[in-house]
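Report on the following structure.
A short reminder: the numbers here are calculations on the coordinates, not readings from a lab. Keep in mind the model is a prediction, meaning the values are calculated, not measured. Cβ atoms come from the backbone with ideal geometry, glycine included; neighbour counts cover every protein chain shown.
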2 protein chains.
Amino acid sequence: MKHTISILVRNQFGVLARVAGLFSGRGYNIDSLCVAETQDPDYSQMTIVARGEDDILEQINKQLNKLVDVVKVADFREKECVIREMALIKVNTSSQTRGEIIQIVNVFRAKTIDISHKSMTVEVTGPENKISAIIEMLTPFGIKEISRTGRVAMARK
Amino acid sequence: MKHTISILVRNQFGVLARVAGLFSGRGYNIDSLCVAETQDPDYSQMTIVARGEDDILEQINKQLNKLVDVVKVADFREKECVIREMALIKVNTSSQTRGEIIQIVNVFRAKTIDISHKSMTVEVTGPENKISAIIEMLTPFGIKEISRTGRVAMARK
């Protein structure tokens, strides 16, 4: 089962390595991780998507709460939340295919952020399945590169 | 100086902890990190934004290339590239302020992705300074929560 966990940490050297080590040390696979500073530059917010057994996750949560630099752990398993990720997709284009690609970009409310004679870079945001869907639609044209952020999550209300 | 480094890694247990450990072990501060699976589920792509001396980064690059699970390291220092990040911002609203907030959201070509009686969640993408600018504009209304992905980068051409 996939879990989305949000962790607020103090910006100390090695905190990211320690958190990541907790997961890998217990054989818990991290599918994606985002970490960035919060408004207060002394703290960073991590969002981790991980797969594994519920009881092991319970243990990891307890261990996380014991780390001195961890301020808060939220598990979005059961809560109502909005989940988003972003992907940059560079797709092959030619004067023949460009129009069709732009149509697809518009349908997905994505944005074209770079263009050259032979390729276009598209920015798309949304839940995972939307991003998978646009990737599938663009694959026949030839995808040169994809860079995804991984999920960020926020509780509703 | 800020560096944006993109790393393609094989999905092995502990690879994230090892990469993060390399940076922290040399006193190199990671500002943001994104890691997510590529189209091939055996590989993940990391984007790291880090601050520190150029010569130490040179050493880190060499060490990264020695890790067996690291396939490719690209440093966007000098190359032309597009850099984007995404932020979810939850801002206090009331029936009086909602209209003004929606105007700001539209100017930044951001999207409202959730709404309740007392708050709104906004999704914004762009370079760092655009995200900082919308945060600054929304601050007077009262920001309840921000979740940022950190940068992803892609070479132009």
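In chain A, the convex hull through the Cα atoms has an average projected area of 11.0 nm², a quarter of its surface area. Relative contact order, whole percent, for segment A:2-76 stands at 48, derived from Cα pairs under 8 Å and 6 or more residues apart. Taking every C-alpha pair closer than 8 Å and separated by at least 6 residues, the mean separation divided by the residue count of chain A gives a relative contact order of 28 percent.
Would you calculate a helix-derived [θ] at 222 nm for chain B, using -39,500 (n - 2.57) for each DSSP H run of n ≥ 4 and dividing by the full residue count, to the nearest 500?
Numbers: 4 runs with 45 residues, N = 157.
Helix contribution divided over all residues of chain B: -8500 deg cm²/dmol.
For B:VAL71, the point set 7 Å out from Cα toward Cβ sits 3.7 nm from its twins in the other copies, listed from shortest up.
State, to one decimal in nm, how far the label point of B:LYS111 lies from the label point of B:GLU145, with both points 7 Å from Cα in the Cβ direction. Inter-label distance under the simple model: 1.9 nm. Per-residue extension of 0.36 nm, minus the Cα-Cα distance of B:GLN12 and B:GLU80, leaves a gain of 21.4 nm for this segment. Inter-copy label distances for B:TYR43: 3.8 nm (label point placed 7 Å from Cα along Cα→Cβ; shortest first). Consider all pairwise Cα distances in segment B:82-155 and report the whole-number % of them above 21 Å. Of all Cα-Cα pairs in segment B:82-155, 21 percent lie more than 21 Å apart. Computed from the alpha carbon positions, the gyration tensor of the protein assembly as shown leads to an equivalent ellipsoid with semi-axes of 28, 26, 19 Å, biggest first. Between A:ARG51 and A:SER94, the simple label model (points 7 Å from Cα in the Cβ direction) yields a spacing of 3.7 nm. Global dimensions of segment B:2-76 from alpha-carbon coordinates: Rg and Dmax equal 11.4, 34 Å.
Per the Debye formula on identical point scatterers at the alpha carbon atoms of segment B:37-102, with no solvent, log10 I(q)/I(0) at q = 0.15, 0.26 Å⁻¹ is -0.71, -1.30. Distances between copies of B:LYS144, taken at a point 7 Å out from Cα along the Cα→Cβ vector and listed shortest first: 4.3 nm.
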